[in-house]
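Notes follow once the structure below has been shown.
The values are calculated or read from the model by the stated rules, or taken from the named source; none is laboratory data. All values derive from a computational prediction rather than experimental measurement. Here the Cβ is made from the backbone with ideal geometry for all residues, glycine too, and neighbour counts use every protein chain on show. Areas reflect the complete protein model, heavy atoms only, side chains present, ligands, DNA and RNA absent. Shrake-Rupley method; radii C 1.70, N 1.55, O 1.52, S 1.80 Å.
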Amino acid sequence: MLQIDQLHAHYGLAHVLQGVSLKAEAGEVIGLFGRNGVGKTTFFKTIAGWLRPTGGSVTLDGKTLTGSSPDAMNRAGFAFVPEDRRIFPGLTVEENLMMGLLGRRGGGSKIHLESVYDRFSRLAERRKQAGNTLSGGEQQMLAMARVMVAEPRVVLVDEPSEGLAPMIVAEVFAIIREMREAGTIVLLVEQNIHEAISVCDRFMVLERGQAILTGEGDDNDDRKRLLEVLAI
Ligand SMILES: Nc1ncnc2c1ncn2[C@@H]1O[C@H](COP(=O)(O)OP(=O)(O)OP(=O)(O)O)[C@@H](O)[C@H]1O
Ligand SMILES: [Mg+2]
């Protein structure tokens, strides 16, 4: 189980994350919603080890990981897909995927890569193509595929649908469902609430660095409150 307890973070004197808590079991997808600048990305950066928390704790299956480096968080089973996707531009599709295999607990294998190509035929066709020559949608697929080969326990996905065509957006959400089926915990930040809510088991709305609403994805009253609080 992932347990985040009263997490705080600052940028200098700015107290951006003000005590956010969350619990998730294997195979749960949790949506994190909120207006621009409320601290969603900061929450992910703080969990992923990019930003040192100034309070609170992060534990996975009882193991305390608070304040660990990004590398240590990867080894502990966390994968972060940031908004800019972080494809290695000079590396080919295959080399990018190999980087995912490096992050895999217990080491990687070529066989595993083939199963990824079976799943992502567009990437298979482009395995020798440089990362920066892929379309936006293909880059998002590569970012998700690279996470899948690492077989993480917890995936943090920041606005994966941004700038993508509806068909690719549907594909991204299908991948998130597959991750859930595989028992992965997915924390999902999305502006695309109507699409995102249908893959979320639970959700949380942030406002000025704090949770102002939590609910269940398939509960009609909770959904209504979600739309009200976001004024959409
Ligand atoms: N590196 C930084 N240095 C200083 N302040 C920052 C930094 N990164 C973010 N902030 C500030 O922290 C607050 C939260 O930013 P964050 O990126 O977490 O918001 P967000 O909810 O992800 O917004 P968006 O929906 O626009 O992506 C904002 O006020 C932002 O200006
Ligand atoms: Mg953000």
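Spin-label model, ASP84 to SER198: label points 7 Å out along the Cα-to-beta-carbon direction sit 3.2 nm apart. Model label points for ALA231 and ASP118, set 7 angstrom from Cα along the Cα-to-Cβ axis, are 5.0 nm apart.
For the pair segment 2-20 / segment 152-203, the C-alpha centres are spaced 23 Å from each other. Under conditions of 4 °C and 1.567 mPa s, segment 1-82 yields 100 µm² s⁻¹ as its translational diffusion coefficient, taking Rh as the Kirkwood radius over Cα pairs in the Stokes-Einstein equation.
To the nearest 20 Debye, how big is the dipole of segment 1-137 about its Cα centre, given +1 on the beta carbon of each Lys and Arg and -1 on that of each Asp and Glu? Present the calculation step by step, with values, prior to reporting the outcome.
Working: 17 positive and 12 negative charges, 38 e Å.
Around 180 debye, computed over segment 1-137.
Binning the C-alpha pair distances of segment 1-160 at 10 Å intervals from 0 yields a P(r) profile of 10, 37, 32, 18, 3 %, listed from the shortest bin outward. The shape of segment 180-232 can be summarised by an equivalent ellipsoid whose semi-axes, obtained from the alpha carbon gyration tensor, come to 19, 13, 10 Å from longest to shortest. If R0 is taken as 45 Å, the Cβ-Cβ distance between GLU216 and LYS128 corresponds to a FRET efficiency of 0.50. Roughly what % of DSSP beta bridges within the chain run antiparallel, to the nearest 5? The antiparallel fraction comes to roughly 55 percent.
In terms of its Cα atoms, segment 109-151 spans 26, 18, 14 Å along the principal axes, sorted from long to short.
Grab the chain and count how many Lys pairs have their alpha-carbon atoms under 27 Å apart, sequence gap of 8 or more, or different chains. Write down the numbers at each step before the final one.
On the way: LYS23/LYS40; LYS23/LYS45; LYS23/LYS63; LYS23/LYS224; LYS40/LYS63; LYS40/LYS224; LYS45/LYS63; LYS110/LYS128.
Taking the Cα cut-off of 27 Å, the pair count is 8.
Quick one: accessible area per residue over segment 118-211, 1.4 Å probe, rounded to a whole number of Å²?
Details: 3850 Å² over 94 residues.
Heavy-atom SASA per residue in segment 118-211 reads 41 Å².
In the chain, helices alone account for a calculated mean residue ellipticity at 222 nm of -10500 deg cm²/dmol, with every DSSP H run of four or more residues adding -39,500 (n - 2.57).
Place a point 7 Å from Cα of ASP5 in the direction of its Cβ. Which residues in segment 11-25 have their backbone N less than 13 Å from it? Under cut-off, by backbone N: 21-23.
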